[in-house]
């Protein structure tokens, strides 16, 4: 038989605070210690206890929900025949103990993560309600069958409680029909309130690789703690994610993540970042992507389901499936080879090159026409004869569709060593020119070099080079914007570093303005 504790007996229950994220109120009863030493309802008038960032009070409530400022908070433990210690309220009447409320005294909102409760008195199995409130208004309740024996009913947010307990300032536990009975509580876990993010992710970009077999998704994060990103082949309205529901992501489009209902949208990312690479997409195929900001951990997610600028977003992958792209050297030139498996509306390829040693930008080195539409392998080759010096070079393909859309291939690089057999002063290019032209020369050996430009009277108008130069092909630019139209001459004097060989040569060029 259970015995109601006399309110004159003094016990202890303690508060354990988990700083940063949550607080847990537990109850214990060491004989001889003062009940309420942690200042939770010490005198039946609802004195408070601190949870980090929140002040929590525990009160009794009567049948109309009025908080009771009188009566005594009772404490019960194993000495009273209970398996776990718990706290209750006595309004001084019989049978009393209508219910309890867990309330924020400073108006701060919190999340009820878990609580244990036990109904007392008849143990008839009558229904009890756990009800959520905010600013005095009921947000709803969960109803549970009471006990027919002295056992606890454990409420845990991951399986029993719902999102109505995520952003509250008060939770009441009482008999569902608002009649009198007894209730006690234990192990209250309070966490910071979970609210729906107010700013949605935006500016989703879908960058396709040259083969169209993967998409690099990127976006600007909103103000949620995390976000779930969903992708669909084609277009169409999306089914919004459901609160309190986790979605498993897969960035491999072949295996796919969790689908939103039967919408065709599958989760490709779920986390705190701002990008993901989705593999195994199909070439020349349209995909639509939408992202949802959310707060809360697994099982307590609250999603922002609004749209935003660039969210949702769609893109069509490149229609060309590039199988291979390689480079090799031959006689000081670079030979590029590439192969496609399929092509749809392929106008062609710009070949772009840059000098790593000179920190140059990518420049167009040539163009190869595409095969338009093809379901069979196509092989392409391009020889770059425009290299003038040794060093490391990088190449990429710019695949262009017939509608002008384009994508870049991966970058390949190689080292080029160019060593001409003889000294040479090559014809400038272009010629005639206006106002600039390129002058090239070849050195089989490291040499001291002077390159100068003369007018038709033999007067020097520009010194272009004067110093030591490595063996190889060299190129220098001559800008004649300050000169008048006419015939000009450029000359080279080169003496090998060992002094054993020397070379002189002169070429003519024409400036036309």
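The values are calculated or read from the model by the stated rules, or taken from the named source; none is laboratory data. Quick caveat: nothing in here was measured; it's all calculated off a predicted structure. Note that we place each Cβ from the backbone using ideal geometry, even for glycine, and neighbour counts take in every protein chain shown.
Which residue, of 163, 104, is at pLDDT below 85, within 39 Å of the chain's Cα centre (by Cα) and closer than 18 Å to residue 244 by Cβ? Result of the check over 163, 104: 163. Counting only residues that are buried (at least 21 other Cβ atoms within 10 Å of the Cβ) and part of a strand (DSSP E or B), region 309-320 holds 1 of them. Residues that are buried (at least 19 other Cβ atoms within 10 Å of the Cβ) and over 30 Å from residue 322 (Cβ atoms) were ranked within region 246-284; the one that is nearest to the chain's Cα centre (by Cα) is 270.
Among the residues of region 285-308, the one identified as touching a residue at least 60 places away in the same chain (Cβ under 8 Å), under 17 Å from residue 256 (Cα atoms) and surrounded by fewer than 23 Cβ atoms within 10 Å (Cβ to Cβ) is 285. Condition first: more than 30 Å from residue 86 (Cα to Cα) and in contact (Cβ under 8 Å) with a residue 24 or more places away in the chain. Can you find one or more residues in region 187-196 that meet it? Yes: one or more hits. Among the conditions (1) closer than 30 Å to residue 253 by Cα; (2) outside any loop (DSSP other than H, G, I, E, B); (3) modelled with pLDDT of 90 or more, residue 306 misses just one, which is (2).
Filter region 466-475 down to the residues that are part of a strand (DSSP E or B) and surrounded by fewer than 16 Cβ atoms within 10 Å (Cβ to Cβ), then identify the one that is modelled with the lowest pLDDT. Among those that are part of a strand (DSSP E or B) and surrounded by fewer than 16 Cβ atoms within 10 Å (Cβ to Cβ), it is 475. Take residue 397 and decide whether it is surrounded by 18 or more Cβ atoms within 10 Å (Cβ to Cβ), more than 38 Å from the chain's Cα centre (by Cα) and either part of a strand (DSSP E or B) or outside the structural domain of residue 211 (by TED's automatic domain parsing) (or both). Here the answer is no, as residue 397 does not meet what is asked. Among the residues of region 194-220, write down those that are crowded, with 20+ Cβ neighbours inside 10 Å and in a loop (DSSP other than H, G, I, E, B). Correct list: 194, 197, 200, 201, 209, 210, 211, 212.
Among the residues of region 321-341, is there at least one that is within 20 Å of the chain's Cα centre (by Cα) and in contact (Cβ under 8 Å) with a residue 12 or more places away in the chain? No, region 321-341 has no match at all. So, residue 360, is that one modelled with pLDDT under 90, assigned to a loop (DSSP other than H, G, I, E, B), loosely packed, with under 15 Cβ neighbours inside 10 Å and in contact with a strand residue (DSSP E or B) (Cβ under 6 Å, 6 or more places away or on another chain) or not? Considered against the rule, which asks whether it is modelled with pLDDT under 90, assigned to a loop (DSSP other than H, G, I, E, B), loosely packed, with under 15 Cβ neighbours inside 10 Å and in contact with a strand residue (DSSP E or B) (Cβ under 6 Å, 6 or more places away or on another chain), residue 360 comes out as yes. When residues in region 210-245 are screened for being farther than 19 Å from residue 196 by Cα and free of Cβ contacts under 8 Å to residues at least 40 places away in the same chain, 1 of them pass.
May I ask you to say which residue of 481, 456 is in contact (Cβ under 8 Å) with a residue 24 or more places away in the chain, within 52 Å of the chain's Cα centre (by Cα) and either part of a strand (DSSP E or B) or not assigned by TED's automatic domain parsing to the domain that holds residue 344 (or both)? None of the others qualify; the one that does is 481. Against the numbered list (1) in a strand (DSSP E or B); (2) in contact (Cβ under 8 Å) with a residue 60 or more places away in the chain; (3) buried (at least 16 other Cβ atoms within 10 Å of the Cβ), residue 387 comes up short only at (1).
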